[in-house]
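Worksheet for the structure shown next.
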Protein chains: 2
Amino acid sequence: MKLASLKSGRDGVLVVVSKDLTRYCAAGNIAPTMQAALDNWDECAPRLEALYTDVEHQAVPCGRFHEREAASPLPRAYQWADGSAYINHVELVRKARNSEVPDSFYHDPLMYQGGSDGFLAPRDPIPLGDPAWGCDMEGEIACITDDVPLGTTPEDAAGHIKLLMLVNDVSLRGLIPGELAKGFGFFQSKPASAFSPVAVTPDELGDAWKDSLIHHPLMVDYNGQPFGRAQAAQDATFNLAQLVAHAAKTRNLGAGTVIGSGTVSNKGADGSPGKPVSEGGAGYSCIAEIRMIETIASGEAKTPFMRAGDTVAVDMHDEHGHSIFGRIEQEVVAA
Amino acid sequence: MKLASLKSGRDGVLVVVSKDLTRYCAAGNIAPTMQAALDNWDECAPRLEALYTDVEHQAVPCGRFHEREAASPLPRAYQWADGSAYINHVELVRKARNSEVPDSFYHDPLMYQGGSDGFLAPRDPIPLGDPAWGCDMEGEIACITDDVPLGTTPEDAAGHIKLLMLVNDVSLRGLIPGELAKGFGFFQSKPASAFSPVAVTPDELGDAWKDSLIHHPLMVDYNGQPFGRAQAAQDATFNLAQLVAHAAKTRNLGAGTVIGSGTVSNKGADGSPGKPVSEGGAGYSCIAEIRMIETIASGEAKTPFMRAGDTVAVDMHDEHGHSIFGRIEQEVVAA
């Protein structure tokens with residue numbers, strides 16, 4: 001099924017959305033908000049599924065679904081933890097800041113605790129206080145879990161993945177080196193992120209959901225041009241279940257925990273860091289990567305970070321070319 | 001006024017507590033939960049204050065308040081960000097892990113994003129998966145804010161501090177060096193924290209709330225013995241308002257954001273790292289500090305980290321010797 005939160009107050013209003021993203025039906029009689037549904041998922045999910053069937057069959061009155069009226073599926077969440085599962089991304093951004101890929105990377109995921117007190121809506125502008133902060137997008141996959149007990153294994157973690165989304169994890173590259181040098185990880189360098197208009201249950205993906213990875217390309221457009229088309233199931237050192245288990249190693253995870261994949265990134269067929277879409281490659285899901293490629297090729301980065309007026313879109317199509325999650329579309333504005 | 005969340009479901013039930021912590025009155029007709037009150041603070045606060053006056057005058061029917069029945073004031077929160085404002089703590093723990101105090105420390109606070117999807121109740125046991133993880137307590141002050149706009153100054157931030165609490169920020173010292181070496185900050189090394197049974201408005205502290213610091217000693221007991229008596233207003237490089245402003249530099253903070261001071265720690269009168277309570281000093285609010293003192297004095301740390309059966313208490317008294325926030329009392333148990 002497909003679920004969304006229409007903008008309303010701090011937490012939105014839970015609605016069930018048709019598979020083709022054109023219609024919705026309010027689900028307030030089942031749960032008022034997405035978080036309320038997740039808090040009581042075992043009871044709510046079958047009822048939401050039944051409503052989804054009715055929406056598909058047009059057996060209930062539906063409204064017209066407009067993606068611009070959707071908040072992020074969880075407009076605010078109790079937890080947002082973002083991994084960095086794609087080795088090509090890790091190698092490129094670490095090279096850019098003269099930092100090594102840690103030896104432990106292949107068995108111990110990189111993950112940071114992100115801010116979750118207020119996410120941007122999928123069509124909200126990205127407020128930027130200072131262009132020198134180096135605003136970047138990061139196209140990623142994210143999942144939402146129910147309650148995950150401390151010590152859950154990767155095998156068991158897969159069953160705790162209840163919903164999937166896309167995310168634009170906004171990063172302020174100019175603030176990252178100074179902040180990481182302090183030793184406590186990201187804080188000011190990770191302002192509010194935006195999620196796709198719709199969250200879907202894994203079964204919606206059919207065969208494209210396998211081994212806790214989504215087997216479709218992530219489509220990132222920058223200023224209206226194709227920028228990234230990286231296969232989300234390729235070159236992932238860790239899948240989403242492994243990332244959930246990593247997060248639960250020393251503590252319980254509360255229902256509604258959002259876990260991200262990190263920036264989706266593919267190596268080239270020859271093992272190189274790949275090529276831009278304009279040169280026939282899979283491109284990149286963030287600007288930092290293409291800047292590193294440019295630096296390797298010509299000695300200097302040419303693509304500037306985002307400034308007021310620049311736009312980014314993140315989307316994913318099914319095998320018929322239809323958007324699965326709806327489209328994140330954001331413009332940077334001066335704050 | 002003093003507010004608490006009695007244990008009930010995921011978010012507790014909001015109650016107003018008498019100044020002496022003996023009585024409570026349910027506040028459900030004003031706001032069902034602490035978060036709901038914070039979401040609508042300007043409207044709820046005057047009504048809660050009026051109820052507090054009635055509770056003090058015994059003008060409303062009250063129940064007996066038992067601290068063991070209280071959850072953390074926010075049983076789960078949308079944001080928990082912890083600073084590290086006390087230079088003595090920063091110097092000692094960094095020395096213990098052969099890490100430098102960053103040059104920027106005196107003008108740019110250290111702060112990490114913590115997990116907030118589920119806090120321990122103030123009398124809950126601390127579940128520990130493996131004694132080798134090096135379980136430690138950290139006694140701290142924390143505040144809860146309303147909505148704080150991006151770019152708020154320290155001067156303006158003070159007015160956004162709506163409630164104050166104590167916190168035991170549980171840390172797994174054995175996991176910290178490996179995790180920080182990966183560069184993304186704390187994650188597995190910071191399991192769920194516990195907050196004091198009661199949150200209080202700053203005016204409850206009278207003259208002891210000055211310059212966004214609490215001018216009382218923080219009382220930390222370990223296994224029933226006084227362990228820390230550090231003055232919370234002393235040796236703080238940053239006050240709570242400065243920490244709130246730091247958090248809001250690049251993004252809005254949502255209502256119900258919890259910001260911590262970091263481990264309260266005093267230098268000795270001679271500028272040394274101070275002495276244990278048993279030797280007439282102000283002692284320490286975490287075990288890592290005393291271990292470093294022992295290492296300096298004798299070449300090796302003698303006090304082990306916490307194991308199953310060890311107990312910690314965190315409390316703070318007013319000038320008459322009465323507990324202000326109620327008492328955090330926790331025992332470590334094998335998970």
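The values are calculated or read from the model by the stated rules, or taken from the named source; none is laboratory data. Everything quoted here is computed from the prediction, not taken from an experiment. Cβ atoms come from the backbone with ideal geometry, glycine included; neighbour counts cover every protein chain shown. In case anyone asks, the SASA skips ligands and DNA or RNA and just uses the protein heavy atoms, side chains included. Shrake-Rupley method; radii C 1.70, N 1.55, O 1.52, S 1.80 Å.
Just checking: which of the strands (runs of 3 or more DSSP E) contained wholly in the range A:176-289 hold 2 or more residues that are of a type in the set (Val, Ile, Thr) and assigned by the TED database to the domain that holds A:Thr152? Reasoning before the result, please.
Values: elements: A:217-222, A:225-231, A:258-260.
Correct list: A:258-260.
Taking only pairs six or more apart or across chains, which ones have beta-carbon atoms under 9 Å, a first residue in the range B:184-205 that is more than 14 Å from every other protein chain (Cβ to nearest Cβ), and a second residue that is β-branched (Val, Ile, Thr) and part of a loop (DSSP other than H, G, I, E, B)?
Within 9 Å, the pairs are B:Ser196/B:Ile324; B:Val198/B:Ile324; B:Val200/B:Ile324; B:Glu204/B:Ile324; B:Leu205/B:Ile324.
Yes/no matrix, rows are residues, columns are (1) within 20 Å of B:Asn88 (Cα to Cα); (2) within 12 Å of chain A (Cβ to nearest Cβ); (3) crowded, with 24+ Cβ neighbours inside 10 Å; (4) modelled with pLDDT under 95:
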| residue | (1), (2), (3), (4) |
| --- | --- |
| B:Met111 | yes, yes, yes, no |
| B:Gly118 | no, yes, no, no |
| B:Ile126 | no, yes, no, no |
| B:Gly129 | no, yes, no, yes |
| B:Cys135 | no, yes, yes, no |
| B:Gly139 | yes, no, yes, no |
| B:Cys143 | no, no, yes, no |
| B:Val148 | no, yes, yes, no |
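Within 13 Å of chain B (Cβ to nearest Cβ), touching a residue at least 24 places away in the same chain (Cβ under 8 Å) and either under 30 Å from A:Ser8 (Cα atoms) or open to solvent by 10 Å² or more (accessible area, probe 1.4 Å) (or both): does that describe A:Arg68?
Taking the combined requirement at face value, the residue does not satisfy it.
Scan the range A:181-228 residue by residue and report those that are closer than 30 Å to B:Ala81 by Cα and open to solvent by 30 Å² or more (accessible area, probe 1.4 Å).
A:Ala181
Take the range B:1-22 and flag every residue that is under 17 Å from B:His320 (Cβ atoms) and surrounded by fewer than 24 Cβ atoms within 10 Å (Cβ to Cβ).
B:Ser18, B:Lys19, B:Asp20, B:Leu21, B:Thr22
If we keep just the residues of the range B:71-87 that are polar (S, T, N, Q) and either in contact with a helix residue (DSSP H, G or I) (Cβ under 8 Å, 6 or more places away or on another chain) or within 19 Å of B:Ala245 (Cβ to Cβ) (or both), which is nearest to the other protein chains (Cβ to nearest Cβ)?
So, considering only residues that are polar (S, T, N, Q) and either in contact with a helix residue (DSSP H, G or I) (Cβ under 8 Å, 6 or more places away or on another chain) or within 19 Å of B:Ala245 (Cβ to Cβ) (or both), the one nearest to the other protein chains (Cβ to nearest Cβ) is B:Gln79.
For B:Leu175, all conditions in the list (1) touching a helix residue (DSSP H, G or I) at 6+ places or on another chain (Cβ under 6 Å); (2) away from chain A (no Cβ under 11 Å) hold save one; what is the number of the exception?
(2)
Here's the yes/no breakdown for (1) small (Gly, Ala, Ser); (2) in the same structural domain as B:Met292 (by the TED database); (3) open to solvent by less than 10 Å² (accessible area, probe 1.4 Å):
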{"residue": "B:Asp39", "(1), (2), (3)": "no, no, no"}
{"residue": "B:Ala45", "(1), (2), (3)": "yes, no, no"}
{"residue": "B:Thr53", "(1), (2), (3)": "no, no, no"}
{"residue": "B:Tyr86", "(1), (2), (3)": "no, yes, yes"}
